[in-house]
Each structure stands twice: as structure tokens, then as C-alpha cells.
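Working notes for the structure below.
The values are calculated or read from the model by the stated rules, or taken from the named source; none is laboratory data. As the structure is a computational prediction, the values presented were derived from the model and not from experiment. Note that we place each Cβ from the backbone using ideal geometry, even for glycine, and neighbour counts take in every protein chain shown. Just so you know, the surface numbers come from the protein's heavy atoms only, side chains and all, with ligands and any DNA or RNA stripped out. Shrake-Rupley method; radii C 1.70, N 1.55, O 1.52, S 1.80 Å.
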Amino acid sequence: MTHFNYMIGDRIQLARRAVNLSQEELAREMRFNDRQILSNIESGKRKVSADELVRFAELLRKPLDYFTDPFLIPDEGIISWRTEPADLPLTEFEEKAKALIGSQRQLAKMLEEPILPLRYHLPLNNKSSYEETWDKAEGLVNVWKLGKSPAARLAEQVEAEMGVMVLYVDAPVQVSGGACNLPEMSTIFINRTHSLGRRNFTLAHELFHLLTWGNMPPDKFDYETDSSKDERKRSRTEQLADQFAAALLMPMAPLEEKLKFFDSTTMVFKKWVTATAKFFLVSPKALRNRLYWVQEYIGLLKHYLEFEPETLHYPQQTPAPYSSIFVKRLHTALDKGLLTVRKAAGLLNLSLDGLKELFKSYHLEPCYDL
């Protein structure tokens, strides 16, 4: 009950600030004798009666479940999306994404799982150079022992080392992914329908945001573009995120090893780019940009004009939805009776058969009868 009172109080405070009311003004509208009553409510020291909660909902223009649903995440400004320029409303998709995070955060608490705070932080800011950013990325490759092709183990290490959920979701096609920064249950979203190279770059890009959110919060929307003119309009934060992602996925030492096998007189550049991009599990475009940014290899790019980048087709193109940690936590909660089957299916927008298939994709037997 104490935790429930704290949750309601915290959400009353968030909703009050969202409508620009002071404690004195809201206390007066609630007909409290003094402001201290509201202060005690917001700090979780005083229980809110049912009638008071209805009055709060009316005054703060929120539904009742905004205050009472532990699966809901009311925080604003905690998610940044990487998307193509488009007239695309993301409100509905963002609410679904927040519901996924909120449910997992609450289930982890109910299962008494330890929730790791972010253990890593990069001392970078908007004045940091590309070279500083590359250095931090390659340092992380070494600390996490990611090897010569870091993308292969990056998602696994992000979850293990940072306690961050990496969720593969069915996002609108224009959306590559996003990052959600929370003290508990920070999350990276990846559009699972995109190519492997694009998914890996999105993961590394969003990881940068979680590692630097305190010093330079990302834009609400980062618009991906192939236009050099539009690229210059992107914020410094997003440009540094791309630099970090490129250096993380394509460290210089293994990249230079690959360059030893490049000979413009004997090998078609397209063949070399394709093979090298497949080695790093990135797109040809990402490899081209990496070579462009490390200026000593810019001469190689003249060969790139001979062909257009192609989408590489990797095996197992589409990963299973969500992640192993996510689905196993949901399965355990159902098995322990902490969550109803219909609530679980509703959270994921699945039928009961769809929920059963999700468990099977992670080799888990359904813990309920259909």
C-alpha cells in the first residue's frame, strides 16, 4: 500500500506540472485546508480517498487508470525515435511501447528481480569531437570484449552489462527504433522488419543516447536521410550518435585488416564492400560512411560511384518478437499467477493463440490452457 500511495502521489505531481498548476493552486481547487496536505499526497505520505482521486482526475484531465495502473508509464520526454522524414503520427505506437516497458518494470518488481541502474556513462557532450567519440566507442568494444565483429554480440552485452532491454518490435516501416531512458528498465526498440545491417546500426545509435542522455538528451525525433543537405540540419547529438555507432560496429583495427585485402587493380570495389559489410554485419552504406569519416581512406570512395548500395540479405532476416528476457519474464509471471492470460495478450495486442506462438518461438511451453 505504501508503494501504491507513492505511485499515485508521483503521478499527481507529474499531471499537475503538465497543466502548469502550483501546489497552492491545486490544493485550493481540491478544497484542502492548506498546501501541506497536497505535498503529503504527492510524497506518498497520505492516502488519497476514492472521491479525491476522481476529483484529481477531473482537474488534471487524466483518466483514472493514469493514477492507478502500475503497468502504465506516465513520464513524458523519455523516448526518442529514429525515423525517416514523414507525416507519421507516432502517439499510438509510443503508448504501446510505454505499455510494454511499464508492464515489464512492474513484473520485475513483483518477481523481486534486481533492476540494474545504468552502469556506464560516456563523458561526451555536444562539443566533443568525432575522434573523441570514436575513442569511447572502441574503448567499449574492448571493455565488453566484443571482438572483431562487435554487432554479433552487441545486443547480448547491452542487456548483460547495462540491464537495458533490447526489444525487437513491429514498428511502422518508417521507424528504425528508439531509446527509452528510465531509472528502472531503460529500453532500446528495434524495428524487427528492417534488414540486419540497419537493425545493428540502430542498436548502436540508440545505445549512444542511453550512455549520454544526461549530458545531451537526444531529439524527440531523429530523421534519417540520404541527403547531405538534410544531414547538416541534424543536431550535433544525432551526428555524434552516428559516429559512435560506426566506430563501435567497425573498429579501426579489424577494418584496417580488411583494407589490406583491397586492391583496386585486381578486385572490384563492390565485391570488397559487400564482403566487408557482411563481416561487420552492417549495410554497405554504413561501411561507406565509416570510410568517408576516417579521411585517410577517402580515396577509396571514388570506386563507390560505380554502383549503388544494395541491401544485403543475411540469413534469419527477421528475429523473433521482443527478446528472450522479456518473454521469459512474462511466462514466469503467468506461471506464478501474477498476471492474467488476457491481460498479457492485451498488452502485446495478441490473441491467445498468438501468445502461445510467441512462447513457442522462445521454446517455452504455454503455462495455461487455451
Taking only pairs six or more apart or across chains, which ones have beta-carbon atoms under 7 Å, a first residue in the stretch 317-339 that is modelled with pLDDT under 90, and a second residue that is open to solvent by 30 Å² or more (accessible area, probe 1.4 Å) and in a helix (DSSP H, G or I)? Q317/L196; L338/M110
Can you tell me which residue is farthest from the chain's Cα centre (by Cα) among those in the stretch 170-203 that are within 17 Å of V282 (Cβ to Cβ) and polar (S, T, N, Q)? S195
Any pair with Cβ under 8 angstrom, 6 or more apart, that starts in the stretch 231-253 at a residue that is over 14 Å from N125 (Cβ atoms) and ends at one that is part of a loop (DSSP other than H, G, I, E, B) and polar (S, T, N, Q): E231/T225; R234/T225
Just to be sure before I move on: is R199 open to solvent by 10 Å² or more (accessible area, probe 1.4 Å), out of contact with any helix residue (DSSP H, G or I) (no Cβ under 8 Å at 6 or more places or on another chain) and touching a residue at least 12 places away in the same chain (Cβ under 8 Å) in the structure I sent? yes
Positions within the stretch 152-187 being open to solvent by 10 Å² or more (accessible area, probe 1.4 Å), small (G, A, S) and on the phi < 0 side of the Ramachandran plot, in sequence order: A152, A155, A160, A171
Looking at E156, E132, which one is closer than 25 Å to M216 by Cα and modelled with pLDDT of 85 or more? E132
Write out, first by first residue and then by second, each pair whose Cβ atoms fall under 7 Å of each other, whose residues are 6+ apart or on separate chains, and whose first residue, in the stretch 147-162, is under 20 Å from P183 (Cα atoms) while the second is modelled with pLDDT of 95 or more and in a helix (DSSP H, G or I). A155/L203; V158/L207
Pick from the stretch 1-53, criterion touching a helix residue (DSSP H, G or I) at 6+ places or on another chain (Cβ under 6 Å) and acidic (D, E), ranking: least open to solvent (accessible area, probe 1.4 Å): E42
